[in-house]
Amino acid sequence: MDIFVIQGGERLSGTARVSGAKNAVLPLMAASLLADGPVEIVGAPRLRDIDTLGKVLCHMGAEVERTGADGDGRETVRIDPRKIGKPEAPYDLVKTMRASVLVLGPLAARFGRARISLPGGCAIGARPIDQHLKGLELMGARTTLAEGYVEVDAARLRGATIYFDMKTVTGTENLMMAAALARGTTVMKNAAREPEVCDLAKALRAMGADIEGDGTDEIVVRGVASLRGIRHEVIADRIEASTLLLAGAITGGDVTVAGADPGAMDAVLTKLQESGARVDASPGSVRVRREGPIRSINVETSPYPGFPTDVQAQFMAYQCLGDGFGIVRETIFENRFMHVAELRRMGAKIDVSGSAAAVKGVPSLSGAPLMATDLRASASLVLAGLAAKGTTEVLRIYHLDRGYEALEDKLSALGARIARVRE
Ligand code: EPZ
């Protein structure tokens, strides 16, 4: 398994280009199941999760190919769903990536049935899919659980009013896709408002769907008879952009992320400014500089447009070098402090009590061998290693490869001393 070896202490500076958003590409790939022609997703990054979902779609009989980079260096994933014969997602693929659950809604809507391995929990929490299933049942589907698989049968889905008990991103996406081909109108209340949900709605409208209200917490979908294939440019990855900007801030550098959408990162940019970093944002570009001390502040994760849970671990690493004392509160997932034990091994002072982590800033961190546990915790350890004194080794970076495209190359281009060592 590959590891990252990082020599800390370099101030990062320069410009890095953000990749397409993993959490937008995955639902867009699932949406291709609804189309009666090929769907092309432009700007899809080279990530393990995207490859895994491609394998799931191939297993069903779809044709999935990746075309080479265009003039802007962007690659395209092309999915042709016309030969799908087996609406099933097997355990050996689903167990490696929960987002496979996103095929449930499209399969039920397009083929009247679906059988997917019930996604297990993962490092950050149990992550049930009860809201996804509740919505499908309200739309007339029968759902059964057998041998670890969830089966959905629906002669023809019909519109319904669905109230989500909590904001769920893939729950909103799954049911928006199911409703697009259902008979009648579906109203989704307490829907998620993430930019990735809006990008999916935009693509579905281009395919011929009748959707409004995306970006608010009430989405209305009027079912249509069929949807056509499209070519769609995916939005930038706001989580990767936030991670790269924090790499600049934690090292006291000056980093610009080209292609980032500051409008989708307001909570993170506001918190960076509150902590003493200087932020300059314009359409398609965000620059962060930090000369003075890192101010210790409080941060609490919440559904969009709040502070994203996917940046919590990275922000905590940054706060470990703060000038005082701050609280990081994680309200979305029940076990998303796996990075804390590793940061402590570098000398961080963090006390966890339930969903809150009290971070007492220290003057410096020291490099150490560290173990990555989940995608965003891994990024947190890389950031800490960039700022630490000495050498840091981050093991099991396959977690990182799930969601970051060539991160070591982007960081090296900004002046970081980081290398991937294949074991
Ligand atoms: C999406 O996961 C993202 N993944 C996650 O990113 C992200 O952390 C999360 O949204 C929150 O923003 C993708 O988009 C592929 P949820 P998702 O359903 O949809 C509970 C990353 O790092 N819940 O919004 O699975 C759930 O347990 C990944 O890229 C239920 O109880 O998250 C959690 O506590 C990690 N029942 C909360 O809601 C349900 O039926 C939010 O989960 C659904 C969710």
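Tell me yes or no: at least one residue of the range 253-273 is acidic (Asp, Glu), under 14 Å from residue 315 (Cα atoms) and surrounded by fewer than 19 Cβ atoms within 10 Å (Cβ to Cβ).
Looking for residues that are acidic (Asp, Glu), under 14 Å from residue 315 (Cα atoms) and surrounded by fewer than 19 Cβ atoms within 10 Å (Cβ to Cβ), one finds none in the range 253-273, hence no.
If we keep just the residues of the range 10-27 that are within 15 Å of the ligand (Cβ to nearest atom) and in contact with a strand residue (DSSP E or B) (Cβ under 8 Å, 6 or more places away or on another chain), which is farthest from residue 285 (Cα to Cα)?
25
Name the residue, out of 155, 114, 99, 179, that is out of contact with any helix residue (DSSP H, G or I) (no Cβ under 7 Å at 6 or more places or on another chain), among the small types (Gly, Ala, Ser) and either at pLDDT below 95 or within 8 Å of the ligand (Cβ to nearest atom) (or both).
Criteria check complete, one pass: 155.
List pairs: first in the range 170-187 and of a type outside the set (A, V, I, L, M, F, W, C), second away from the ligand (no atom under 13 Å from the Cβ) and at pLDDT below 95, Cβ under 9 Å, 6+ apart or cross-chain?
183/156
Exactly one condition in (1) touching a Leu at 6+ places or on another chain (Cβ under 7 Å); (2) surrounded by 15 or more Cβ atoms within 10 Å (Cβ to Cβ) is not met by residue 14; state its number.
Going through the list (1) touching a Leu at 6+ places or on another chain (Cβ under 7 Å); (2) surrounded by 15 or more Cβ atoms within 10 Å (Cβ to Cβ), residue 14 breaks only (2).
From the set of residues in the range 286-314 that are within 14 Å of the ligand (Cβ to nearest atom), of a type in the set (A, V, I, L, M, F, W, C) and not in a strand (DSSP E or B), which is nearest to the chain's Cα centre (by Cα)?
Filtering first and then ranking leaves 311.
Keeping to the range 25-40, report how many residues are closer than 18 Å to residue 402 by Cα and touching a Gly at 6+ places or on another chain (Cβ under 9 Å).
So the answer is 3.
Across the range 338-366, which residue is nearest to the chain's Cα centre (by Cα) among those that are surrounded by 22 or more Cβ atoms within 10 Å (Cβ to Cβ) and not in a strand (DSSP E or B)?
339
Within the range 248-268, count every residue that is part of a helix (DSSP H, G or I) and either under 18 Å from the mean Cα position of the chain (by Cα) or among the polar types (S, T, N, Q) (or both).
Within the range 248-268, residues that are part of a helix (DSSP H, G or I) and either under 18 Å from the mean Cα position of the chain (by Cα) or among the polar types (S, T, N, Q) (or both) number 6.
So, in the range 61-75, of the ones that are in contact with an Asp or Glu (Cβ under 7 Å, 6 or more places away or on another chain) and in a strand (DSSP E or B), which residue ends up modelled with the lowest pLDDT?
67
Out of 49, 130, which single residue is closer than 27 Å to residue 336 by Cα, within 16 Å of the ligand (Cβ to nearest atom), among the acidic types (Asp, Glu) and in contact (Cβ under 8 Å) with a residue 60 or more places away in the chain?
49
Is it the case that residue 9 is in contact with a helix residue (DSSP H, G or I) (Cβ under 9 Å, 6 or more places away or on another chain), part of a strand (DSSP E or B) and more than 27 Å from residue 183 (Cα to Cα)?
no
Can you tell me which of 155, 146 is surrounded by fewer than 16 Cβ atoms within 10 Å (Cβ to Cβ), within 20 Å of residue 95 (Cα to Cα) and either in contact (Cβ under 8 Å) with a residue 12 or more places away in the chain or of a type in the set (Gly, Ala, Ser) (or both)?
From the options 155, 146, the qualifying one is 146.
One line per residue, one yes/no per condition, for (1) within 20 Å of residue 201 (Cβ to Cβ); (2) touching a helix residue (DSSP H, G or I) at 6+ places or on another chain (Cβ under 6 Å); (3) within 16 Å of the ligand (Cβ to nearest atom); (4) modelled with pLDDT of 95 or more:
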residue	(1), (2), (3), (4)
29	yes, yes, yes, yes
36	yes, no, no, yes
45	no, no, yes, yes
77	yes, no, yes, yes
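Scan the range 315-337 residue by residue and report those that are under 24 Å from residue 253 (Cα atoms), in contact (Cβ under 8 Å) with a residue 40 or more places away in the chain and part of a loop (DSSP other than H, G, I, E, B).
Correct list: 320, 321.
Considering the range 3-22 alone, what residues qualify as being under 17 Å from residue 262 (Cα atoms) and not charged (D, E, K, R)?
The answer is 15, 16, 18, 19, 20, 21.
Just checking, does the range 378-399 include any residue being touching a helix residue (DSSP H, G or I) at 6+ places or on another chain (Cβ under 8 Å), part of a loop (DSSP other than H, G, I, E, B) and either within 11 Å of the ligand (Cβ to nearest atom) or β-branched (Val, Ile, Thr) (or both)?
There is at least one residue in the range 378-399 that is touching a helix residue (DSSP H, G or I) at 6+ places or on another chain (Cβ under 8 Å), part of a loop (DSSP other than H, G, I, E, B) and either within 11 Å of the ligand (Cβ to nearest atom) or β-branched (Val, Ile, Thr) (or both).
Which of the residues that make up the range 202-221 are acidic (Asp, Glu), over 23 Å from the mean Cα position of the chain (by Cα) and in a loop (DSSP other than H, G, I, E, B)?
Scanning the range 202-221 gives no hits.
Condition test on residue 325, is it in contact with a strand residue (DSSP E or B) (Cβ under 8 Å, 6 or more places away or on another chain) and within 15 Å of residue 376 (Cα to Cα)?
no
Out of 171, 135, 125, report the one residue that is loosely packed, with under 15 Cβ neighbours inside 10 Å and either within 14 Å of the ligand (Cβ to nearest atom) or under 20 Å from the mean Cα position of the chain (by Cα) (or both).
The conditions single out 125.
The values are calculated or read from the model by the stated rules, or taken from the named source; none is laboratory data. As the structure is a computational prediction, the values presented were derived from the model and not from experiment. When we count neighbours, we look across all protein chains shown, and the Cβ atoms used for this are built from the backbone with ideal geometry, even at glycine.
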